[in-house]
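One structure below.
The values are calculated or read from the model by the stated rules, or taken from the named source; none is laboratory data. Please read these numbers as outputs of a predicted model, since none were measured by experiment. For neighbour counting, all protein chains shown are included, and Cβ atoms are generated from backbone atoms with ideal geometry for every residue, glycine included.
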Amino acid sequence: MSNKNDQDEKPKGLENGLTNYGDAGFAVYLRRSFAKSMGFSREMLARPIVGIAFTPSGFNNCHRHFPELLEAIKRGVIARGGLPIEFPTVSLGEVFLNPTSLFYRNLMSMDTEEMIRAQPMDAVVLMGGCDKTVPAQLMGAASADRPAIQIVAGPMMTGTYKTERLGACTDCRRFWGKYRAGEVSGEEIQAIESGLATTAGTCAVMGTASTMACIAETLGMTLPGTAAIPAVHADRLRAAELTGMRAVDLIGSDLTPSRIITESAVENAMRVLLALGGSTNAIIHLTAIAGRLGLKVSLERMNAISDETPVLVNLKPTGAHYMEDFFAAGGMSAVLRELAPLLNLDCVTVTGETLGERITAERDGWINTDVIARFDTPVEPVGGLVALFGSLAPNGAILKRSAADKTLFERQGRAIVFASLDDLAERIDDPDLDVSADDFLVLQNAGPKSPSGMPESGYLPIPEKLARAGVKDMVRISDARMSGTAFGTIVLHVSPDAASGGPLSLVKTGDRIRLSVNERRIDLLVDEAELDRRRSAGEAASAAVQPARGYQKLYYDSVLQAEDGCDFDFLTSERASRSKP
Ligand code: FES
């Protein structure tokens, strides 16, 4: 197919988007002379430019191999006749950010969007990896809508402790749980700490980073077969070189993100997310990416897709294997082939091929069915995630049913309420806390509008006295998120959140809550008159914050709820077009 359109006639390379001095000739001359100070020849400066959004950081262990990956991308760009120029943007290293990396995802997306738009590049390569970086770059690129291609960091390799394989971060949590229960000593936990994350790359399981990498490939924004290549594998460097080449081929084409990330492609991504048993965070990110192009992800539609999409992947945190096994087992090519009967095959990808053409070309590819199940003999007959609705969550909540204890799915429980993360930390291990394994732990004020900015704290710890008695899972409910590497019967993203005054803010210890996964319900069994009384008596535990300045003010003035992807209201496509003069 032809990729060329009337953009062929537009200025390219350094002549793109000139600084405005009222004299275009002077602006080019000045720009060229300053670029020459970096040692470029006039011949190189005449080439079309591929910008490379380069995101290494001393605070991002997952991206520590990016300098080597960058060299490979540049090789590819130069070999194809382009000029590669990298530029820095915000980088988000998941565990180094306070209050949470999600709080800064929109900042990174704005940085990415504006730098793509402001600088003279004809196409862009997006180097992402750690959890929020992949969605932030796709959101920014979707809004900028220049030709773009993403390459992800790839997963870490596993380590070992004695005879056990260790992979961040499901095993981080597993061993920490054992340590809290007194099954692992202080010395052992120190040794384990050194073996959990031993190479460059993203977490070694199907957590948020891996899920988002697979979603980026399904959407068609990466080269085929690249999501799962381990970070340290030579194949990743070869993929980077090819990505650089493809970026040059995209110049002047109409294959911009808005043509690739369509409603059909988003639905494919949702299906793949469910078939992977992927991270709950991915729902928020996919919603935000789609929202940048005016597309709505509906939780009701997600439930319908979940009921007809089998889980095909046997990976931690819900299954047995790690990302390096997934790659060796056939990776995303195998998943897409198996899932083909349910996919929209006419979606065009960044290669110019449709998804269907890609799948046909790979029809004889390898699959190891220990890791990636056949469509007819799936790991689970239905998808990994469901949305719940009810009086406690009128706008929805999420449960990762594939990571939960099914014996807890249909029950009522007494609420044990924690008003904030500080309250949780103070009381959860109190030996005098009145709590049993049948109770529902409820955390308030950990949603997008809360002071903590929706951290991954929905994985409430089992109270120490119950953990020591052998309790492994309980129903836990909050407006927070959960790490993609965690597991348990955990109801997340309750919306509206408590800080916005949602029903969650009105729950008190001792109230009854009913969970029914079959009916997709989560209900607070307190009558409306009593809730009204609590509301008017000012008893809602609603910790709204109103910072006076800076990014924090922008965040709290503008952040949307989970069902809108926690994007900023003025960045979604609808708002953006409304604000145009
Ligand atoms: Fe970067 Fe897990 S910490 S992907």
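Residues of the stretch 71-109 being away from the ligand (no atom under 16 Å from the Cβ), in a helix (DSSP H, G or I) and surrounded by fewer than 21 Cβ atoms within 10 Å (Cβ to Cβ), which ones?
Passing the criteria: GLU71, ALA72, ARG75, ILE78, ALA79, LEU107.
For the stretch 139-183, which residues satisfy the criterion of being closer than 29 Å to GLY76 by Cβ and not hydrophobic (A, V, I, L, M, F, W, C)? Step through it out loud before you land on a result.
Step one: list which residues in the stretch 139-183 are closer than 29 Å to GLY76 by Cβ, which gives 139-157.
Passing the criteria: GLY140, SER143, ASP145, ARG146, PRO147, GLN150, GLY154, PRO155.
Which members of the stretch 319-343 meet the condition of being over 19 Å from the mean Cα position of the chain (by Cα) and either at positive phi or small (Gly, Ala, Ser) (or both)?
GLY319, ALA320, ALA328, ALA329, GLY330, SER333, ALA334, ALA340
So in the stretch 160-195, with the set limited to residues that are within 15 Å of the ligand (Cβ to nearest atom) and part of a loop (DSSP other than H, G, I, E, B), which one is modelled with the lowest pLDDT?
The selected residue is CYS169.
Residue check: is ASP497 without any contact (Cβ under 8 Å) to a residue 12 or more places away in the chain, out of contact with any strand residue (DSSP E or B) (no Cβ under 8 Å at 6 or more places or on another chain) and not hydrophobic (A, V, I, L, M, F, W, C)?
No, not satisfied.
Among the residues in the stretch 408-425, are any outside any loop (DSSP other than H, G, I, E, B), within 27 Å of the chain's Cα centre (by Cα) and polar (S, T, N, Q)?
For the stretch 408-425, residues outside any loop (DSSP other than H, G, I, E, B), within 27 Å of the chain's Cα centre (by Cα) and polar (S, T, N, Q): absent.
Report whether or not THR243 is assigned to a helix (DSSP H, G or I), within 16 Å of the ligand (Cβ to nearest atom), crowded, with 24+ Cβ neighbours inside 10 Å and polar (S, T, N, Q).
Values: assigned to a helix (DSSP H, G or I): yes; within 16 Å of the ligand (Cβ to nearest atom): no; crowded, with 24+ Cβ neighbours inside 10 Å: yes; polar (S, T, N, Q): yes.
Answer is no for this residue.
Going through the stretch 549-581 one residue at a time, which ones are modelled with pLDDT of 95 or more and surrounded by fewer than 17 Cβ atoms within 10 Å (Cβ to Cβ)?
Residues satisfying the conditions are ARG549, GLY550, TYR551, GLN552, LYS553, LEU554, ASP557, SER558, ASP569, PHE570.
Check ALA209, ALA290 and return the single one that is of a type in the set (Gly, Ala, Ser) and out of contact with any Asp or Glu (no Cβ under 6 Å at 6 or more places or on another chain).
ALA290
Determine whether ILE289 is of a type in the set (Val, Ile, Thr), surrounded by 24 or more Cβ atoms within 10 Å (Cβ to Cβ) and within 19 Å of the chain's Cα centre (by Cα).
Spelling it out, ILE289 is indeed of a type in the set (Val, Ile, Thr), surrounded by 24 or more Cβ atoms within 10 Å (Cβ to Cβ) and within 19 Å of the chain's Cα centre (by Cα).
Among the residues of the stretch 17-58 satisfying the criterion of being touching a helix residue (DSSP H, G or I) at 6+ places or on another chain (Cβ under 8 Å) and assigned to a helix (DSSP H, G or I), which is nearest to VAL248 (Cα to Cα)?
LEU45
Here is a yes/no grid of residues against (1) of a type in the set (D, E, K, R); (2) assigned to a strand (DSSP E or B); (3) surrounded by fewer than 13 Cβ atoms within 10 Å (Cβ to Cβ); (4) out of contact with any Pro (no Cβ under 9 Å at 6 or more places or on another chain):
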| site | (1), (2), (3), (4) |
| --- | --- |
| LEU504 | no, no, no, no |
| ARG514 | yes, yes, no, yes |
| GLU539 | yes, no, no, yes |
| GLN546 | no, no, yes, yes |
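Looking at the stretch 476-487 only, could you name the residues that are within 20 Å of ASP422 (Cα to Cα) and aliphatic (A, V, I, L, M)?
If we filter the stretch 476-487 for residues that are within 20 Å of ASP422 (Cα to Cα), which is where we start, we get 476-483.
Selection gives ILE477, ALA480, MET482.
Go through the stretch 218-240 residue by residue and tally those that are away from the ligand (no atom under 16 Å from the Cβ), closer than 24 Å to ALA168 by Cα and of a type in the set (D, E, K, R).
Counting residues in the stretch 218-240 that are away from the ligand (no atom under 16 Å from the Cβ), closer than 24 Å to ALA168 by Cα and of a type in the set (D, E, K, R) gives 1.
So which residues in the stretch 252-263 are farther than 18 Å from ALA213 by Cα and surrounded by fewer than 22 Cβ atoms within 10 Å (Cβ to Cβ), if there are any at all?
Within the stretch 252-263, GLY252, SER253, ASP254, THR256, SER258, ARG259, GLU263 meet the criteria.
Consider the stretch 466-485. How many of its residues are surrounded by fewer than 22 Cβ atoms within 10 Å (Cβ to Cβ) and within 16 Å of the ligand (Cβ to nearest atom)?
Residues flagged as surrounded by fewer than 22 Cβ atoms within 10 Å (Cβ to Cβ) and within 16 Å of the ligand (Cβ to nearest atom) within the stretch 466-485 amount to 0.
Filter the stretch 196-215 down to the residues that are within 10 Å of the ligand (Cβ to nearest atom), more than 11 Å from the chain's Cα centre (by Cα) and not hydrophobic (A, V, I, L, M, F, W, C) and list them by number.
GLY201, THR202 - these are the residues of the stretch 196-215 that are within 10 Å of the ligand (Cβ to nearest atom), more than 11 Å from the chain's Cα centre (by Cα) and not hydrophobic (A, V, I, L, M, F, W, C).
From the list ALA397, ALA419, ALA425, which one is surrounded by 21 or more Cβ atoms within 10 Å (Cβ to Cβ) and either among the hydrophobic types (A, V, I, L, M, F, W, C) or more than 18 Å from MET482 (Cα to Cα) (or both)? Before the answer, list the steps.
Details: ALA419 fails: surrounded by 21 or more Cβ atoms within 10 Å (Cβ to Cβ); ALA425 fails: surrounded by 21 or more Cβ atoms within 10 Å (Cβ to Cβ).
Exactly one of ALA397, ALA419, ALA425 is surrounded by 21 or more Cβ atoms within 10 Å (Cβ to Cβ) and either among the hydrophobic types (A, V, I, L, M, F, W, C) or more than 18 Å from MET482 (Cα to Cα) (or both), namely ALA397.
Can you name the residue in the stretch 323-371 that is in contact with an Asp or Glu (Cβ under 6 Å, 6 or more places away or on another chain) and among the hydrophobic types (A, V, I, L, M, F, W, C) and, of all such residues, is farthest from VAL272 (Cα to Cα)?
VAL371
Among the helices (runs of 4 or more DSSP H) confined wholly to the stretch 261-346, which include 2 or more residues that are touching a residue at least 40 places away in the same chain (Cβ under 8 Å) and of a type in the set (Phe, Trp, Tyr)?
323-328
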